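K.L.:
There's a structure below that I have some questions on.
Bear in mind that the values in this text are calculations on the coordinates, not laboratory data. Predicted, not measured: the structure shown is a model, and the values here were computed from it. Virtual Cβ from ideal backbone geometry, glycine too; neighbours counted across all protein chains shown.
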Amino acid sequence: VLLIAAAVLMMQIYISNHQDEFNSLTERADLRLLFLCLILGVTSWTSLCRLLRGETLKLRQLEYVQAAQAFGVGHFTTLMRHILPNVMHIVLIVVVLDFSGLVLAEAVLSYINIGVDPNTNSWGNMINSARLELARDPVVWWSLAAAFVFMFVLVLAANLFADVVRDAFDPRLRERT
């Protein structure tokens, strides 16, 4: 998260030093959002690659893959027919877990005002504005609760959807007919 925060801060410094290159606040907000998405994407792919490499090395040693290679099937065909279907469930699981972490990272970065533009709707900006409502005399708690509940529902829905899709993709879970 510190690498992400440092990269976003560098982008904000660039934007503030080169304001003449941006015609409107919307262009600056769009650039901040795009850069945040790029940084989050660049920093989150390594765990997926490490898992896929390990699983591919394991699958490469299985008998049906070695038999395909012995029969002269090309590497691309072996990869598409035997390896890829057996790693798709891993891709889906890691993507959904990363999605949950990225939602939380965006919320934290926006909450401390180094994420997306404060005028852009985001989980962190909603929580930050709701925090100010907690200081009122009749405490307004429902805006903070709504932000947390909807963020929880988003992550839960993504996980439930991924479980259903994973069951459909995982060849080991398919019924043998």
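K.L.:
Tally Lys/Arg at +1 and Asp/Glu at -1 over every other residue whose Cβ is under 13 Å from the Cβ of His18; what's the total?
P.N.:
Result for the local shell: -2.
K.L.:
Please determine, in degrees from 0 to 90 and to the nearest 10, the orientation of helix 84-111 with respect to the longest principal axis defined by the Cα atoms of the chain, where the helix direction is its Cα long axis.
P.N.:
It is inclined by approximately 10 degrees.
K.L.:
Oh, and also: Give me the Å³ per residue figure for the convex hull around the C-alpha atoms of the chain.
P.N.:
Spelled out: Cα convex hull of the chain, divided by residues, is 160 Å³.
K.L.:
To the nearest 10 degrees, how steeply does helix 46-60 sit against the main Cα axis of the chain, on a 0 to 90 scale?
P.N.:
Its long axis makes an angle of about 10 degrees.
K.L.:
Would you be so kind as to identify which of His82, Thr120, Asn159 lies farthest towards the positive end of the dipole of the chain, taking Lys and Arg as +1 and Asp and Glu as -1 on Cβ and the Cα centre as origin?
P.N.:
The residue sitting most towards the positive pole is His82.
K.L.:
If you average the alpha carbon positions of segment 44-98 and of segment 100-177, how far apart do those two centres end up, in angstrom?
P.N.:
31
K.L.:
Using a 10 angstrom cutoff on alpha carbons, build the Gaussian network for the chain and name the most mobile of Ile114, Ile15, Ile127.
P.N.:
Ile15
K.L.:
In which sequence would Ser47, Ser110 go, from the one with the fewest C-beta neighbours within 10 Å to the one with the most?
P.N.:
Result, fewest neighbours first: Ser47, Ser110.
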